[in-house]
Amino acid sequence: MPRRWAALHARAFAKGGAWSLSDFRDLLQTRNMVICDHPHGFAALRIVAPEAEILTIAIAPEMQRQGHGRALLDAVLAQARSARVEDIFLEVDSSNHAARALYAAAGFDETGLRKNYYRYNNGGYGDAILLAKTLFY
Ligand SMILES: CC(C)(COP(=O)(O)OP(=O)(O)OC[C@H]1O[C@@H](n2cnc3c(N)ncnc32)[C@H](O)[C@@H]1OP(=O)(O)O)[C@@H](O)C(=O)NCCC(=O)NCCS
C-alpha cells in the first residue's frame, strides 16, 4: 500500500508537497493514524478525539471530477464520527480551487491563513488556508 499511496501522491501533487515512500512508511508507524483507502485515491486522518486532522486526501488525476473526492471525504467524516470526533481540521493551498470548493461544499469554514506555508518544486511559495468543521451528532 505505501508504494501505491506514494505513487498516487506524486501524481496528485505534481506541483509540490508530495510525500515520499519513506514518509508513508513513517506515517504507518504514527499513533492515531487512520488511512481511508479508495479504489482511486486515499486520505490520511489523525484522530485524537474529540479532534481530528485530515493530513492529506488525493484522487488519481485521471479519475478526478467524477464524484470520488466527495465520496472519499464523506468516508473520512464517517470515520471521524465513529471515533466521536467533534472538530475536524485541515490546511489547503489557497490556489487549490478544486479542493477549496470540495471542502466548502462539505461544510468546512475557513478559519485562518498561513502565509508562504507551502514550498513548490519550482521554488515558489503558496499560502495555506486553515479549515475547520464541527461534527454534530
Ligand atoms: C481535491 C480532490 C481530492 C477532489 O477530488 P475529485 O474526485 O476531483 O472531486 P469530486 O469529483 O468529488 O468533486 C467534488 C466537488 O469538488 C469541487 N471540485 C472538484 N474538482 C474541481 C475543479 N477542478 N474545479 C473546481 N471545483 C472542483 C466541486 O465543487 C465538486 O463538486 P461538483 O462536481 O458538484 O461541482 C482532487 O482534485 C485531488 O486529488 N487533487 C489533488 C490533491 C489535492 O489537492 N488534495 C487536497 C489537498 S488539501
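The values are calculated or read from the model by the stated rules, or taken from the named source; none is laboratory data. These numbers come from a predicted model, not from an experiment. Heads up, the Cβs are rebuilt from the backbone with ideal geometry, glycines too, and the neighbour counts pull from every protein chain shown.
Go through region 96-114 and count every residue that is closer than 16 Å to ILE57 by Cα and assigned to a loop (DSSP other than H, G, I, E, B).
3
Would you mention how many residues in region 96-129 are away from the ligand (no atom under 11 Å from the Cβ) and in contact (Cβ under 8 Å) with a residue 12 or more places away in the chain? Step through it out loud before you land on a result.
Taking region 96-129 and keeping what is away from the ligand (no atom under 11 Å from the Cβ), we get 107, 109-117, 119-127.
In the following step, the residues that additionally are in contact (Cβ under 8 Å) with a residue 12 or more places away in the chain were identified as 107, 109-115, 117, 119-122, 126-127.
Looking only at that region, the number is 15.
Go through region 60-93 and count every residue that is of a type in the set (A, V, I, L, M), within 7 Å of the ligand (Cβ to nearest atom) and either assigned to a loop (DSSP other than H, G, I, E, B) or surrounded by fewer than 20 Cβ atoms within 10 Å (Cβ to Cβ) (or both).
2
Are any residues in region 13-59 within 15 Å of the ligand (Cβ to nearest atom), part of a loop (DSSP other than H, G, I, E, B) and on the phi < 0 side of the Ramachandran plot, and if so, which ones?
Once the filter is applied, which keeps residues that are within 15 Å of the ligand (Cβ to nearest atom), part of a loop (DSSP other than H, G, I, E, B) and on the phi < 0 side of the Ramachandran plot, region 13-59 yields PHE13, ALA14, LYS15, ALA18, TRP19, PRO39, HIS40.
Select from region 100-123 the residues that are at pLDDT 95 or above and of a type in the set (Gly, Ala, Ser) and list them in ascending order.
Residues satisfying the conditions are ALA101, ALA104, ALA105, ALA106, GLY107, GLY112.
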